[in-house]
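Student: The structure that follows is given in the form of structure tokens.
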Ligand code: ADP
Ligand code: MG
């Protein structure tokens, strides 16, 4: 096995060629680094016939910052295993891992070049009917089959300890649950909403609820999460979508993945009036996004219920009252984490283009204020919202 070294395009080419039969002996391979991500190197390797593969390599530091932010390359192992586990139960919606090399921290992946990044598509006002249904299936399958409903105690604990992922979890613990609620130097706050951000730093009631959500993130290993399920981690085309970038995966609360995606749909939602010149167009996009949030929860809860009813292998957890309570708690957790996502993407380190690309500064500030207000209410009201239509009423009321 080759010792770790940072890949140049030629290394990516050799790696892809060695571990895949796709290219053939006489292929003229080219490779280029093209990743727009924050942490890793991503190369596309292709031959003269148009076949291509992706090589993703973890650097010993975060790509966007450089060597001053060291980061374990072990994250590539986590990413490969999460994608492999999720791919085993839901191959249709998980990017395929063709090879993983632990020494090089490099993963060979299928190239999703026929797909587009969901965030860009939503910002452009595109609508995909299948998005919520397919992502609900991805989450129901990947989360159920890694949970205590399905795995034996010893098998689950072995997986939990293999996939602890402390360094990447710490990033989430800080950026998601701590920074936005204090005057942290990492925060990125547009001056027009500084007063709104400052209110968060003194909001004791909100901070108590965020503490509870953080405590669950730290100590509720319900299932193997993707861990970073925002709309930049979802690739989409007319009839399918697939998830990439699982390096934040670990065993955590099921509502975290659901909440991340719901939060990202709602970030796009609050941005609609700032992005579309025609109110009618904004209203149509808002309607679409609300429908997707609703379908996401309804489909997820229906599919997860069905799996609990038919495939639960633990005698005690087969209790149907318990299963109903469990799902109710997952809904509350999801809303809480969605709220945290809305807030941290507005005032924290890592923003989203949905808000940042609004060119009119006053419309952008209004959208950001809606994101903060909605995030706050979702966190505070999460246990009192009994079903998804109550959630949608709240969302519309605050818009
Ligand atoms: P990071 O972990 O550094 O954020 P990502 O996995 O998000 O890296 O990938 C960064 C970018 O590389 C993606 O936004 C996308 O443009 C491209 N990319 C990553 N994986 C694939 C893939 N399997 N197919 C096509 N493009 C990909
Ligand atoms: Mg990433």
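The values are calculated or read from the model by the stated rules, or taken from the named source; none is laboratory data. If you're wondering where the values come from, they're calculated on a predicted model, not measured in any experiment. FYI the Cβ positions are ideal-geometry reconstructions off the backbone, even for glycines, and counts take in every protein chain you see.
Student: Evaluate the following for residue 74: is it farther than 29 Å from residue 231 by Cβ and either out of contact with any helix residue (DSSP H, G or I) (no Cβ under 8 Å at 6 or more places or on another chain) or not assigned by TED's automatic domain parsing to the domain that holds residue 162 (or both)?
Tutor: no
Student: Let me ask something else about it. With the requirement that a residue be part of a helix (DSSP H, G or I) and more than 24 Å from the chain's Cα centre (by Cα), what does the range 356-389 give you?
Tutor: 361, 362, 363, 365, 366, listed by residue number.
Student: (1) under 13 Å from the mean Cα position of the chain (by Cα); (2) modelled with pLDDT under 95: which one isn't true of residue 231, the others all being true?
Tutor: (2)
Listed here are the residues, each with its yes/no results for (1) within 15 Å of residue 176 (Cβ to Cβ); (2) within 13 Å of ligand 2 (Cβ to nearest atom); (3) free of Cβ contacts under 8 Å to residues at least 12 places away in the same chain; (4) buried (at least 21 other Cβ atoms within 10 Å of the Cβ).
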site	(1), (2), (3), (4)
205	no, no, no, no
221	no, no, no, yes
234	no, yes, no, yes
250	yes, no, no, yes
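Student: Looking for something more than 27 Å from residue 393 (Cβ to Cβ) and within 13 Å of ligand 2 (Cβ to nearest atom) - is there at least one such residue anywhere in the range 252-261?
Tutor: no
Student: Which residues, counting only those in the range 41-80, are crowded, with 19+ Cβ neighbours inside 10 Å and over 24 Å from residue 31 (Cβ atoms)?
Tutor: The answer is 78, and nothing else.
Student: Is one or more of the residues making up the range 36-44 more than 14 Å from ligand 1 (Cβ to nearest atom), closer than 26 Å to residue 163 by Cβ and out of contact with any helix residue (DSSP H, G or I) (no Cβ under 6 Å at 6 or more places or on another chain)?
Tutor: Checked the range 36-44: no residue is more than 14 Å from ligand 1 (Cβ to nearest atom), closer than 26 Å to residue 163 by Cβ and out of contact with any helix residue (DSSP H, G or I) (no Cβ under 6 Å at 6 or more places or on another chain).
Student: When only residues in the range 1-40 that are within 16 Å of ligand 2 (Cβ to nearest atom) and free of Cβ contacts under 8 Å to residues at least 24 places away in the same chain count, which is surrounded by the fewest Cβ atoms within 10 Å (Cβ to Cβ)?
Tutor: The selected residue is 36.
Student: Please state which of the following conditions residue 100 fails to meet, knowing it meets all the rest: (1) within 16 Å of ligand 1 (Cβ to nearest atom); (2) in contact (Cβ under 8 Å) with a residue 60 or more places away in the chain.
Tutor: All conditions are met except number (2).
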